[in-house]
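Trainee: Below is the structure I would like to discuss, written out as structure tokens.
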Amino acid sequence: MSAPTRPLLKSLPAPHSGPAVGEPTGAARKGVRTAVGPDSQQGDGRYAVAWLRISAPGRAVPTATSKCLCGRNRSAVGHTKVLALIEDHSAHRDVCPLRTNQEGRQAA
């Protein structure tokens, strides 16, 4: 018996010199210069601090969630509790440390 012969190693193919598959050809490949202007979505300095989410699908039991960046996170289930949470969320706007003017409080 003779030893098994080793398979011949394959060489790597030569690199392709044409455009890659899916690459645009001609002028589109060079690209078009665009002017990037200032951000058109600049706001007026206001941002959301508190969120009230109410869900009452059809005749199902309503639910509500009140969240604030100050760390307040409350939720309610049922008609009367959701109504109470809505009132509590509105009242929180007056006492939230993120919404009140701290300098005015110290001066008073």
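Trainee: According to a simple spin-label model (label point 7 Å from Cα along Cα-to-Cβ), what is the distance in nm between Leu52 and Thr100?
Mentor: 1.9 nm
Trainee: What is the gain in length, in nm to one decimal, between Val61 and Asp88 on full extension, counting 0.36 nm per residue of separation less the C-alpha to C-alpha distance?
Mentor: 7.8 nm
Trainee: Compute and list, largest first, the equivalent-ellipsoid semi-axes of the stretch 49-107 from the alpha carbon gyration tensor, each √(5λ) rounded to a whole angstrom.
Mentor: Working from the Cα gyration tensor, I get semi-axes of 29, 10, 7 Å.
Every number here is computed from the coordinates shown, using simple stated rules; none is lab data. What you are looking at is a predicted structure, and each value in this text was computed from that prediction instead of being measured. Ideal geometry is used to build each Cβ from the backbone, glycine not excepted, and the neighbour counts take in all protein chains shown.
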